Amino acid sequence: MKEDEKKIIFDKDKILTREDIFEGKERFHKEQAKLPFEEKIKILVKLQKIARSIKGKGIVWEIESLTPSPLSQGNEKYNEPQENDR
């Protein structure tokens, strides 16, 4: 049996091969690439919040949400970088 043909079992009823996993990953990345820029920024802010909660420090952008998104939490406001931040 080749390495790619080995089965990986998830939750007793879902069996995947390595090839299935990599194909799913590729599909996911293609779908993410099609997202509008604003949605990508909302996802980035959510990841920043997760990273800060784990590390206890870090930057989280504040953005003003123009359209509600299930990925955003609350009503954030984006701050433009100040002259001394550059």
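Miscellaneous remarks
- Some residue of the range 26-33 being at pLDDT 60 or above and either surrounded by 12 or more Cβ atoms within 10 Å (Cβ to Cβ) or part of a loop (DSSP other than H, G, I, E, B) (or both): no
- Residue pairs whose Cβ atoms lie under 9 Å apart, separated by 6 or more positions or on different chains, with the first residue in the range 48-60 and of a type in the set (G, A, S) and the second modelled with pLDDT of 90 or more and surrounded by 10 or more Cβ atoms within 10 Å (Cβ to Cβ), are A51/V60; G58/Q48; G58/K49; G58/A51; G58/R52.
The values are calculated or read from the model by the stated rules, or taken from the named source; none is laboratory data. Note that the coordinates shown come from a computational prediction; the quantities given were computed from them, not determined experimentally. Here Cβ is always computed from backbone atoms with ideal geometry, including for glycine, and neighbour counts include all displayed protein chains.
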